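Colleague: So that we are looking at the same thing, I have put the structure below in structure tokens.
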Amino acid sequence: MIALGLHDRAKGKRVSAYCAGNSIRKVFVFSPAKFRLSIPSGIDVEYIEWDEIIQYKFYYRILQEVGKDTLLVVNECLRLQNRYDLTYNCLRLFLNQTPHVLVFQCFPLIDRVDDFMILFDFDTRSRWKREGVRAGLLKECQVECSPIDVSLRAIPVATDGATQDAYRKEKRKLIDGLGLKDPNTIPRNLHLLSGKAKLAHVDPGAHYVGRNNRFGLDNMRTYRDAGYPGACTVFEFCHNFLDFSDFLSLSRQSEVPALVSDLKVDQWYLGRCQEWIGRLHEAYSVLRQ
Amino acid sequence: MRLIQSYASRQTVLEAALGRMAFVFDNFEQIIVSVSGGKDSTVMAHLALLEAKRRGRKVGIHFLDEEVCYQSSVDQVDYLMNLFPDNTTRIWLQMEFRLTNATSVQDGQLVCWEAGKHKLWMRPKREDSIKFRMWAEEAQTVRDKRKGFGFYDVIENFERCYSGAAFLVGLRAAGESPNRWRAMVKNPVDVGERKVYWGTKKGANVALYPIYDWNFHDVWRYIHDEGLRYSKVYDWQFRKGYPINQMRVSSLIHERAFKSICDLPEFEPKTYNKLCKRIKGIAMAQETGKTAKMFACRKLPKNFRSWIAYRDFLLKTHPDQSRIRLFAERFSRHLNNEYVARQQCRQLILNDYENNLSVDNKPDPRDELIRYYEEVL
């Protein structure tokens, strides 16, 4: 079964109930370190971190140990968009050895709606490994969906002429001097330019999330953090949707305020994020059918 | 116990392989198993030897010793050849041939077991090995005369010494590579009245792959159940947390295998020490084999402005004139952009004159993205 949008506590309860109802001997939890799941005591649980899945020393032992009375919990393992990645392939081999599988994921996608098929493969033991998302096919798996209605609220930040001049110069400089660097460094670096303008709008009583804490603010978190104190305002957007989705999953935020300057790059990041939310809603509507 | 694949008929892959082995012994007088010292060939050889023992027959255990290999692999082959001595014909080839050395452009080829350099050999030749070519000089074939008499030339000439023989190879395709599976089964071979999909025709002989449908864990399960010895390299790699796709015992200096040198001092210090004395480029490969700048060619060295400039420099300064012509001729058929040039640098750095690391010859995908950002930002 695939359960989308559950809280940690709900996941723990779900595991306990499943173990009690199915005479489970042992539980393996596959999860990235920052999404470590807490499961009530009394159950024999082993946690395998995402990076360890492909390691030989874990891979063979797990293959040996997983049997018909083992529950495999795949928690927040939608980390890569390549459906045929080695880590997914290893997971599939574990999943093939037991009928007891619980798949927990906060959001059904990283970037594209088709990403959901990676979770679908986990639940269906990869029987439709080559097919994309379509409503008829989704009947083959059991999906329990608690949609998180994410919305963005832009807080406009005006920039002065000097910043806009600096922006134009920086853009030219970045493009001309790109050389062999990754072209994605152009928007990434330009986006940092609006930081100083946004600094004046930072409320010391609120929490913010940014690329890094280069301004040394006590209330600034980064997208790489393993937890957030509560609702955060986006100080600047991240480039990778996986980071954004991790932030939303860990902070459990639905309405996301964001400081957005009038520079083109900020508008581009805002539009990009809104498109991502659009794809998220599209995924939910496909799953509801 | 679990962990063994089975067919719908409830026949396990082991039972299927035993059936295939019986079929091979029923249909071929001469059977030769090619071994490398890895886990797959260990299983293959053991299955063949068991069947030979049951029937009171002999099988050839064939090992082409390329001199520069793990000592553990050599020990493993020695072990296999002594498992059932009465049923084994030892075919341990220790003869001169050329092997690509990806770690040095100056010493681009290693002449294994080169005459006159016996003091530098990784180890002395064995008493029971075959040291001279078993075929007539005039009948000898060479795939590419510019490259010289290489690894595959030895194999091909050796196989031509036989007629109507079955060469058993521990090649597997299950789980790892659907492409390999397709390649393996697409040209079935006729044996008696049966079409055999786990084999291919090889001149007057056939190559057969009786464990072609085995998985990683089928192999390890068999080794465990039969109490077989296996190469220690697997244990060392296991302890270091190698991913499953990298945990293999292969050659040490080839363009696809040079990374194994990085951990060699830790695994087999004596082998590493001898290798450093035997051939150029080893210490360099040990230090930089896994870094982005050198052999991987993922990062441009800072004194070059572009991959094109770096490629031109590498080509211009290549110590071997014949190789320069070979590479230049090949590159003239490619597009001239940064994306392609980086791959060409990799071929030059790794001395890939055989074109084993293919170049993805297409327009640079970065250009379009840069144009897009210029427009929207």
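Colleague: Just to be sure, is A:Ile155 touching a His at 6+ places or on another chain (Cβ under 8 Å) and either more than 14 Å from chain B (Cβ to nearest Cβ) or farther than 30 Å from B:Ala341 by Cβ (or both)?
Modeller: Working: touching a His at 6+ places or on another chain (Cβ under 8 Å): yes; either more than 14 Å from chain B (Cβ to nearest Cβ) or farther than 30 Å from B:Ala341 by Cβ (or both): yes.
Yes, satisfied.
Colleague: Among residues belonging to region B:239-259 that are within 24 Å of B:Glu67 (Cβ to Cβ) and open to solvent by 20 Å² or more (accessible area, probe 1.4 Å), point out the one that is modelled with the highest pLDDT.
Modeller: B:Val249
Colleague: So, A:Gly67, is that one open to solvent by less than 10 Å² (accessible area, probe 1.4 Å), over 20 Å from A:Leu109 (Cα atoms) and either in contact with a Pro (Cβ under 8 Å, 6 or more places away or on another chain) or not assigned by TED's automatic domain parsing to the domain that holds A:Gly132 (or both) or not? Break it down into steps so the answer makes sense when it comes.
Modeller: Details: open to solvent by less than 10 Å² (accessible area, probe 1.4 Å): yes; over 20 Å from A:Leu109 (Cα atoms): yes; either in contact with a Pro (Cβ under 8 Å, 6 or more places away or on another chain) or not assigned by TED's automatic domain parsing to the domain that holds A:Gly132 (or both): no.
Spelling it out, it is not the case that A:Gly67 is open to solvent by less than 10 Å² (accessible area, probe 1.4 Å), over 20 Å from A:Leu109 (Cα atoms) and either in contact with a Pro (Cβ under 8 Å, 6 or more places away or on another chain) or not assigned by TED's automatic domain parsing to the domain that holds A:Gly132 (or both).
Colleague: Residue by residue through region B:84-132, note down the ones that are surrounded by 18 or more Cβ atoms within 10 Å (Cβ to Cβ), assigned to a loop (DSSP other than H, G, I, E, B) and at negative phi.
Modeller: If the condition is that a residue be surrounded by 18 or more Cβ atoms within 10 Å (Cβ to Cβ), assigned to a loop (DSSP other than H, G, I, E, B) and at negative phi, then B:Phe84, B:Gln94, B:Met95, B:Asn101, B:Ala102, B:Thr103, B:Ser104, B:Val105, B:Gly108, B:Met122 are the ones that fit.
Colleague: Give B:Val376, B:Val359, B:Val340 a once-over and let me know the one that is open to solvent by less than 20 Å² (accessible area, probe 1.4 Å) and of a type in the set (Val, Ile, Thr).
Modeller: On the way: B:Val376 fails: open to solvent by less than 20 Å² (accessible area, probe 1.4 Å); B:Val359 fails: open to solvent by less than 20 Å² (accessible area, probe 1.4 Å).
So the residue among B:Val376, B:Val359, B:Val340 that is open to solvent by less than 20 Å² (accessible area, probe 1.4 Å) and of a type in the set (Val, Ile, Thr) is B:Val340.
Colleague: Then there is this: Any chance you could count how many residues in region A:60-86 are within 9 Å of chain B (Cβ to nearest Cβ) and either aliphatic (A, V, I, L, M) or farther than 24 Å from A:Gly12 by Cα (or both)?
Modeller: Final tally of qualifying residues: 5.
Colleague: Report, by residue number, each residue of region B:165-190 that is in contact with a strand residue (DSSP E or B) (Cβ under 7 Å, 6 or more places away or on another chain) and closer than 20 Å to B:Ile32 by Cα. Steps first, answer last, please.
Modeller: In the first step, residues of region B:165-190 are kept if they are in contact with a strand residue (DSSP E or B) (Cβ under 7 Å, 6 or more places away or on another chain); the result is B:165-169, B:187-189.
Answer for region B:165-190, where residues must be in contact with a strand residue (DSSP E or B) (Cβ under 7 Å, 6 or more places away or on another chain) and closer than 20 Å to B:Ile32 by Cα: B:Ala165, B:Ala166, B:Phe167, B:Leu168, B:Val169, B:Pro188, B:Val189.
Colleague: Every residue in region A:193-222 that is open to solvent by less than 10 Å² (accessible area, probe 1.4 Å), away from chain B (no Cβ under 14 Å) and in contact with a helix residue (DSSP H, G or I) (Cβ under 8 Å, 6 or more places away or on another chain), please.
Modeller: A:Val209, A:Gly210
Colleague: Assess whether A:His239 counts as being over 17 Å from the mean Cα position of the chain (by Cα) and either surrounded by fewer than 20 Cβ atoms within 10 Å (Cβ to Cβ) or more than 29 Å from A:Asp8 (Cα to Cα) (or both). Step through it out loud before you land on a result.
Modeller: Working: over 17 Å from the mean Cα position of the chain (by Cα): no; either surrounded by fewer than 20 Cβ atoms within 10 Å (Cβ to Cβ) or more than 29 Å from A:Asp8 (Cα to Cα) (or both): yes.
Against the criterion (over 17 Å from the mean Cα position of the chain (by Cα) and either surrounded by fewer than 20 Cβ atoms within 10 Å (Cβ to Cβ) or more than 29 Å from A:Asp8 (Cα to Cα) (or both)), A:His239 does not qualify.
Colleague: Moving on. Can you tell me which residues in region B:317-346 are part of a helix (DSSP H, G or I) and of a type in the set (Gly, Ala, Ser)?
Modeller: Of all residues in region B:317-346, those part of a helix (DSSP H, G or I) come to B:321-331, B:338-346.
Scanning region B:317-346 gives B:Ser322, B:Ala328, B:Ala341.
Colleague: Considering only region A:75-192, give the strands (runs of 3 or more DSSP E) lying wholly within it that have at least 1 residues that are open to solvent by less than 10 Å² (accessible area, probe 1.4 Å).
Modeller: Details: elements: A:100-105, A:143-145, A:151-157.
Answer list for region A:75-192: A:100-105, A:151-157.
The values are calculated or read from the model by the stated rules, or taken from the named source; none is laboratory data. Keep in mind that what you see is a predicted model, and the values were worked out from it rather than measured. All Cβ positions, glycine included, derive from the backbone under ideal geometry; neighbour counts span all protein chains shown. Note: areas computed on protein heavy atoms with side chains; ligands, DNA, RNA excluded. Shrake-Rupley method; radii C 1.70, N 1.55, O 1.52, S 1.80 Å.
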